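Only one structure is covered here, and it is reproduced in the block below.
Here, each number is a calculation from the coordinates, and none is a lab measurement. Please read all numbers here as calculations on a predicted model, not as lab measurements. Cβ placement follows ideal geometry from the backbone for every residue including glycine, while neighbour counts extend to all protein chains displayed.
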């Protein structure tokens, strides 16, 4: 299993201080996986247990992996941001009382930049057959804001990826090397739009074909 250095975890936690986030979830998986999976950020369950992609979205992801003969042990799971971004909201309970609790939200660009060194390290030291981005946040972290999963899902893309130019200036530059990337929707997308399931199933079949051909 691949392990992040302790000093990198410390750096990631320090750089995210002051943002409305909680927890820190390391990536999980082997150093030479079939797939490097990049999502957006941990949710509540992940932040509590420190394990990426658990809960309902994780169950959907496991089904997708199983459809091409893979398990969690075959892939490295990570995300653009390692701490759970949250927002406080007030909602009316069944008894009529107003309750206030934390809800998940998408990470901001500043939060993505804060944890960029962590993902940069994984991209440099993990050697997958293919990178699969899950949703727009992971895709745009690598390819920029013009990349949209609705336009690119299921495509095999060979391209440089964005990485942090320096810790001081917090701007991105393109890598020297190219990576193979196949974008698809985040597994949670089926909960918000059930019609996305067809796209996701087709994308994962294409991912399976690419891996099979790469291993010939």
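The calculated FRET efficiency for the pair residue 32 and residue 103, based on their C-beta separation and a Förster distance of 35 Å, comes to about 0.40.
Is the C-alpha gyration tensor of region 122-216 telling us rounded, prolate or oblate? Criteria: a/c under 1.5 is rounded; beyond that, a/b larger than b/c is prolate, otherwise oblate. Oblate shape, in that a/c is at least 1.5 and b/c is the bigger or equal ratio.
Ordering 108, 184 from the fewest to the most neighbouring beta carbons within 10 Å gives 108, 184. Of the beta bridges in the chain, as assigned by DSSP with both residues counted there, near 55 percent are antiparallel. For region 48-156, what class follows from the C-alpha gyration tensor (a ≥ b ≥ c being the square roots of its eigenvalues): rounded when a/c is under 1.5, otherwise prolate if a/b is larger than b/c, else oblate? Here region 48-156 falls in the prolate category.
Got the relative contact order for region 1-121 handy, in percent, Cα pairs under 8 Å and 6 or more residues apart? Walk me through the intermediate numbers first.
Numbers: 196 pairs, mean separation 38.4, N = 121.
Over region 1-121, the number comes to 32 percent.
For the pair residue 159 and residue 176, label points projected 7 Å from Cα toward Cβ lie 2.2 nm apart. For region 19-137, DSSP calls about 55 percent of its internal beta bridges antiparallel.
Each DSSP beta bridge with both residues in region 109-216 is either parallel or antiparallel, and the antiparallel ones are about 65%. Among 162, 193, the ranking by other beta carbons within 10 Å of each residue's beta carbon, starting with the fewest, stands as 193, 162.
Going by neighbour counts of Cβ atoms within 10 Å, the residues 204, 174 line up, fewest first, as 174, 204.
With a simple spin-label model that places each label point 7 Å from the Cα along the Cα-to-Cβ direction, the separation between residue 215 and residue 197 comes to 2.7 nm. Within region 168-196, name every residue whose backbone N is under 19 Å away from a label modeled 7 Å from Cα of residue 8 along the Cβ vector. Once the point is set 7 Å along Cα→Cβ of residue 8, 168, 170-180 turn out to lie under 19 Å by backbone N, inside region 168-196.
Taking label points 7 Å from Cα along the Cα-to-Cβ direction, residue 56 and residue 205 give a separation of 2.6 nm. Between residue 88 and residue 66, what FRET efficiency follows from the Cβ-Cβ distance if R0 is 45 Å, with the result rounded to 0.05? For R0 = 45 Å, the calculated efficiency reads 0.75. Under the classification rounded if a/c is under 1.5, otherwise prolate if a/b is larger than b/c and oblate if not, where does region 177-216 fall, given a ≥ b ≥ c as square roots of the Cα gyration tensor eigenvalues? Because a/c hits 1.5 or more and a/b fails to exceed b/c, region 177-216 counts as oblate.
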